[in-house]
Amino acid sequence: MYKIVIQNEAKDDVRQARKWYNQQQNGLGRRFSADLKNTLLSISANPLAFAVRYSVHSKANLKIFPYDVFFFIDAMDNTAYVVSVMHNSRDNIDLLV
């Protein structure tokens, strides 16, 4: 199992998404968080299963919500660093380069 470290910018992404979903429907932000948690558990279990995109960043898709988790792996300390959680309609390349 890899340790997951969510960097501050990614935490902000999650807060904004959760807030937006809660404004749409009460409790929807909680469902978003649960979907994200399941994706992070998958990354932790097998981070090498996800395709590398945009240089060194790997991408994992949430199962229910249209969001992507971008992360990079530090194999020396068995850690996956989450750098962004983005709606998948955004232009991801500009934000990760």
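Every number here is computed from the coordinates shown, using simple stated rules; none is lab data. Small disclaimer: the values here were computed from a predicted structure and weren't measured. Cβ: placed from backbone, ideal geometry, glycine included. Neighbour counts: every protein chain shown.
With a/c under 1.5 counting as rounded, go ahead and sort region 1-49 into rounded, prolate or oblate using the C-alpha gyration tensor (a ≥ b ≥ c being the square roots of the eigenvalues; past the cut-off, prolate if a/b is larger than b/c, else oblate). Here region 1-49 falls in the oblate category. Taking amide H as placed 1.01 Å from N in the peptide plane, the amide H of TYR67 sits under 5 Å from that of LEU62, ASN88, each at least 5 places away or on another chain. Using every pair of separate Cα atoms, the Kirkwood estimate puts the hydrodynamic radius of region 3-96 at 13.4 angstrom.
The number of Lys pairs in the chain with C-alpha atoms less than 17 Å apart, excluding pairs fewer than 8 positions apart on the same chain, is 9. Charge dipole of the chain (Cα centre as origin; +1 on each Lys and Arg Cβ, -1 on each Asp and Glu Cβ, all else neutral): 440 debye, rounded to the nearest 20. Of the residues TRP20, ASN88, VAL5, the one whose Cα sits farthest towards the positive end of the charge dipole of the chain is TRP20 (charges of +1 on Lys and Arg Cβ, -1 on Asp and Glu Cβ, taken about the Cα centre). Here is the list for the chain: trypsin sites (Lys or Arg not before Pro) lying in DSSP coil, each with at most 16 other C-beta atoms within 10 angstrom of its C-beta, are LYS63, ARG90.
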